[in-house]
Each structure stands twice: as structure tokens, then as C-alpha cells.
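K.L.:
Take a look at the following structure, please.
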Amino acid sequence: MDNPIGEGIRRLRAQHKLTQTALAKRAEIPRATLANMEGANSNPSISVVVKVARALGVTVDDLITRRQSPNVTEVDRKDMPVMQQDDGKFSSTRTSPISTPNLQINDVSMMPGCYTKGVPHPEGSHELFLCHQGTATVEVEGQKYEVKAGNLIYFHGHLPHSYGNESLNPVHAMAVVFMME
């Protein structure tokens, strides 16, 4: 069984040249707890994971991703959360790190006949919907907009909205939600 948190802790602990004892002391947890976290069948609480991440000076995302260099992080597609709706006709893969609360980037696929309601985002958020392939229908406050391949629609993310594919061909798009500060 894969344990991305354990693998990440071992990798980052080695980069920092820390023993389990030294890292456990920094994280203010028992060494046995840290050893268990590095094991294959670990199921640590989020509070313990956060303590270890802080002790290593990284985000929780850094524990489950492979660092390629100090400036680059690689995340495998299998580690990105996927949301499906409308009996699988709508699929959205979150490609942005979960530790980035003010930015959400989603890779969206819609099969023909797809219709799904969007999740309203907080007041002050904005959404960009860029269609890469096909023609999507985006409805904002009851008004329908056709978004053809290469085109973009931009709207306030807190407004009621939905996504659809009324064509006979699949749609591939990117949805970016961000908060203005």
C-alpha cells in the first residue's frame, strides 16, 4: 500500500539530514508516532501531519508531492482530487495545490449531454472558464453563454452558475477560480 505522507516525510527528512528522533522533537510528537507515520499502513491525524510539515518547514502538499528541486514540485495526476457529477459526464480534476486557498485550477471534461451546477464560490471570487476543445455552455445567473474552443468566459464566482455540453462532441476546458485580495 502506498503511503505518500510517509514517503514525503522520509524524503524531506533525508534532505534536511534529520533523524526520526530529531524531527519528532522539532514536531513535538513521540518518535514512535513519527516512525509509524513513515510506515506503509499509517493513518495519522491531520493535526499530527501539520505538526510534522511545520517542523520540516513545508506545506502539507509538500509531504505528498515529489520535489524535483528547491524551486519545482511535481504532482502525479493520480494524486490530484477528481470530482465527478452528472453520472460521470462531468469530471473536474483539481490541478492546483490544496494549500493555495485563493487559487483553484481545474481541468474539466464534459461528455455530450452533460449538465451540472457549479458550486458557488465565496463573495469576491472570480472564475475564468477557458474552453480548449468543443463548445461548452456556461450559464451564469440564468443567462446561457456558448464558449467555443479557444474562447474564455469570465464571471464573478459567487453567482449561481452551471456547465453543460449540448453538442455531440466532448468538451475539454480549464476553470480557474481566484480570490481578489
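Just so you know, all these numbers are worked out from the coordinates, no wet-lab data involved. Here the structure is a predicted model, which means the values were calculated and not measured. Ideal geometry is used to build each Cβ from the backbone, glycine not excepted, and the neighbour counts take in all protein chains shown.
K.L.:
Using the beta-carbon distance between Asn41 and Asn102 and R0 = 22 Å, what value does 1/(1 + (r/R0)^6) give for FRET efficiency, to the nearest 0.05?
P.N.:
Values: r = 35 Å, r/R0 = 1.59.
FRET efficiency, Asn41 to Asn102: 0.05.
K.L.:
Another question about this same structure. How much length, in nm to one decimal, is gained on full extension between Ser162 and Val82, taken as 0.36 nm per residue of separation minus their Cα-Cα distance? Don't skip to the end; give the middle numbers.
P.N.:
Details: separation 80, 0.36 × 80 = 28.80 nm, distance 1.77 nm.
Contour length minus Cα-Cα distance gives 27.0 nm.
K.L.:
Which of the listed residues, Leu18, Gln85, Val48, is farthest toward the dipole's positive end in the chain, when Lys, Arg count +1 and Asp, Glu count -1 at the beta-carbon?
P.N.:
Looking along the dipole axis, the top candidate is Leu18.
K.L.:
Using only C-alpha positions, report the orientation-averaged shadow area of the convex hull of the chain, nm², one decimal.
P.N.:
Working: hull surface 49.4 nm².
Averaged projected area of the chain's Cα convex hull equals 12.4 nm².
K.L.:
In a GNM of the chain with a 10 Å cut-off on Cα contacts, which of Thr19, Thr137, Thr59 has the highest mean-square fluctuation?
P.N.:
Result: Thr19 has the largest fluctuation of those listed.
K.L.:
With a 10 Å cut-off between alpha carbons and a GNM built on the chain, which of Glu28, Glu139, Glu38 moves the most?
P.N.:
Per the Cα network of the chain with a 10 Å cutoff, Glu28 tops the list.
K.L.:
Taking only C-alpha pairs under 8 Å that are 6+ residues apart, what is the relative contact order of region 4-74 in percent? Please report the intermediate quantities before stating the final value.
P.N.:
Working: 69 pairs, mean separation 27.3, N = 71.
Averaging sequence separation for qualifying contacts and normalising by length gives 38 percent for region 4-74.
K.L.:
Moving on to the next point. Treating the beta-carbon of each Lys and Arg as +1 and of each Asp and Glu as -1, no other charges, what is the dipole magnitude of the chain about its Cα centre, to the nearest 20 debye?
P.N.:
I would put it at about 1020 debye.
K.L.:
Report, ordered by chain and residue number, the lysines lying within cross-link reach of Lys17, taken as a straight Cα distance under 21 Å and ignoring same-chain residues fewer than 8 apart.
P.N.:
Of all the lysines, those that pass the test against Lys17 - Cα under 21 Å, at least 8 places apart if same chain - are Lys25, Lys51.
K.L.:
Along each principal axis of its Cα atoms, how long is region 80-179 end to end? Whole angstroms, biggest number first, please.
P.N.:
If we take the Cα atoms of region 80-179, the spans are 36, 29, 25 Å.
K.L.:
Reachable lysines from Lys144, Cα under 26 Å, same-chain residues fewer than 8 places away excluded?
P.N.:
Qualifying lysines at Cα under 26 Å: Lys89, Lys117.
K.L.:
Okay, moving on. How far is the Cα center of region 43-63 from the Cα center of region 157-181, in Å?
P.N.:
32
K.L.:
Still on this structure, I have one more. Using only alpha carbons, build the gyration tensor for region 4-74 and give me the equivalent ellipsoid semi-axes, biggest first, whole Å.
P.N.:
Values: eigenvalues 65, 33, 23 Å².
Here the semi-axes work out to 18, 13, 11 Å.
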